[in-house]
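Let me begin by presenting the structure, written as structure tokens, before commenting on it.
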Amino acid sequence: MKPLEGKTALVTGASRGIGAAAAVLLAEAGAHVVVHCHAARDKAEATARECERRGAAAMVAAADLASGAEIERLKAELDAAGVEPDILVNNAGVAHYGLFTEVTERDWEQVVGVNLKGMFRLTQLLVPAMVRRRYGRIINISSVWGMAGASCEVLYSLTKGGVNAFTKALAKELAPSGVTVNAVAPGAVGTDMMRDFSEDELAALRAEIPMGRFARPEEIAAAVRFLALPEAGYVTGQIISPNGGWLI
């Protein structure tokens, strides 16, 4: 069974981590996959090859999602290829660690630019085709910190809280058109976003999680796959948080 056969999925930030895992699982389910990256095209091409090994067609598209012009160019590239995504996974994101009082204008522009502006604008450009077809799945990757907030991650928490609010509001707006909008808000995941933590900090973090470990990217991607299925058509406006019992 290939439940997503005939569907096309665009996964942003799919060169590694959750995005790469989501792209591969969607490919296994039969979707044609557009693997987006910013600069790591070699890694994105490796993800695309993994998708193709699952029997799915795949293409790579690069763009800086903090740039409105780049997003428009990405949309033009998809149009030229005859690609209209049925599934959009807004996974691309930028982390930020540091004291609130030390957040700079550059920090703000980068983190808000990718995590909110990029998600908003790309979704805005792809939604009309979904509405026209009266079918679509929009899945935003948020964070447990968008629900609870985190000390020394105020800027990041702010943007992920915005992702959650965006998800709920857009879900209401698009529901009559047959387009669902949901978010997956992971807890701690074993990806490159954890690279700035020391071993002691990682051990302390694991100790806070009832399951005693970090999630694997594939475990988060499994939630994305479910929300992308036609059978998930009555699930919308939800923030699903796979976090090992860390936040209940």
> Which whole-number percentage describes the relative contact order of region 74-162, with Cα contacts under 8 Å and a sequence gap of 6 or more?
Replying inline: 41 percent
> Using modelled amide H (1.01 Å from N, peptide plane; none on Pro or chain starts), what sits under 5 Å from the amide H of A57, excluding residues fewer than 5 places away?
Replying inline: V33
> Share of the chain's accessible area from carbon and sulfur, percent, 1.4 Å?
Replying inline: 55 percent
> Using 0.36 nm per residue, how much length does the chain from E52 to F226 gain when fully extended, once their Cα-Cα distance is taken away?
Replying inline: 60.6 nm
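Cα-Cα over 22 Å: which of K2/K43; K2/K168; K117/K160; K2/K75? Walk me through the intermediate numbers first.
Numbers: K2/K43 26 Å; K2/K168 29 Å; K117/K160 12 Å; K2/K75 27 Å.
Correct reply: K2/K43; K2/K168; K2/K75.
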> Quick one: Kirkwood hydrodynamic radius for the chain, alpha-carbon pairs, angstrom, one decimal?
Replying inline: 18.0 Å
> In region 13-134, if every C-alpha pair distance is counted and binned at 10 Å from zero, what percent goes to each bin?
Replying inline: 13, 42, 33, 10, 2
> Percent relative contact order of the chain, based on C-alpha pairs within less than 8 angstrom and at least six residues apart?
Replying inline: 19 percent
>> Assuming 0.36 nm per residue, please report the length gained on full extension of the stretch E201 to E84 beyond their Cα-Cα distance.
In response: 37.8 nm
>> I'd like to check one number: the per residue accessible area of the chain, probe 1.4 Å, reported in Å² as a whole number.
In response: 46 Å²
> Normalised by the number of residues in region 1-73, what is the relative contact order in percent for Cα pairs under 8 Å and 6+ residues apart?
Replying inline: 29 percent
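The values are calculated or read from the model by the stated rules, or taken from the named source; none is laboratory data. This structure is a prediction, so every number in the text was calculated from the model and none was measured. Ligands, DNA and RNA are stripped out before the accessible areas are found, and what is left, the full protein with its side chains, is counted by its heavy atoms. Shrake-Rupley method; radii C 1.70, N 1.55, O 1.52, S 1.80 Å.
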